[in-house]
1. Condition check: assigned to a helix (DSSP H, G or I), over 19 Å from GLN96 (Cα atoms) and among the β-branched types (Val, Ile, Thr). Does THR71 satisfy that?
2. Enumerate the pairs (first residue in the range 69-91 and farther than 23 Å from MET54 by Cβ; second residue anywhere and among the polar types (S, T, N, Q) and in a helix (DSSP H, G or I)) with beta-carbon separation below 9 Å, excluding pairs fewer than 6 apart on the same chain, so at least 6 apart or on different chains.
3. Only one of CYS73, CYS69 is at pLDDT 60 or above and touching a Lys or Arg at 6+ places or on another chain (Cβ under 9 Å). Can you tell me which?
4. Would you be able to say whether some residue in the range 19-35 is surrounded by 13 or more Cβ atoms within 10 Å (Cβ to Cβ), closer than 30 Å to LEU95 by Cβ and modelled with pLDDT of 55 or more?
5. Do we find that PHE64 is at pLDDT below 55, in a helix (DSSP H, G or I) and aromatic (Phe, Trp, Tyr) in this structure?
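The values are calculated or read from the model by the stated rules, or taken from the named source; none is laboratory data. This is a predicted model, so every value here is computed, not measured. Here the Cβ positions follow ideal geometry from the backbone for every residue, glycine too, while neighbour counts run over all protein chains shown.
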Amino acid sequence: MDTGTWAGPPRAPPLHFRSSLAAVSGEPSERTKMAHSPSCPTKSACALTESISMKEALKVWQSFYCDGCFTRCERFKLATAGISVPSRLLPNGRLQDLQEQPFGTPVPANTRAA
């Protein structure tokens with residue numbers, strides 16, 4: 001019987017190994033799936049572009065949801081279910097702050113957490 005030290009649970013293979021396994025098995029990798037996925041069919045009518053003023057932030061949201069996995073977008077889910085989409089709803093399901101405070105601006109006393 002081996003009385004050596006326990007090395008812990010087995011580890012998952014490195015990511016590059018997993019992607020090469022997918023290539024060997026004929027399955028497309030996640031990166032390939034995202035690169036070839038169609039854009040959101042509601043992208044042109046979506047008010048996300050109006051609710052996010054920073055162009056860089058908008059590009060990030062659009063790359064993950066509108067041009068990536070739009071079926072995971074909460075705005076898309078509501079729109080396709082025929083439910084009105086709140087203008088402040090972000091694709092991840094969180095509501096955007098009503099008013100963004102610049103860094104260093106004091107928070108009004110009536111909105112502070114108790």
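1. yes
2. These pairs meet every condition: LYS77/THR71.
3. None of the other options fit; the residue is CYS69.
4. The answer is no; no qualifying residue exists.
5. No: the conditions fail for PHE64.
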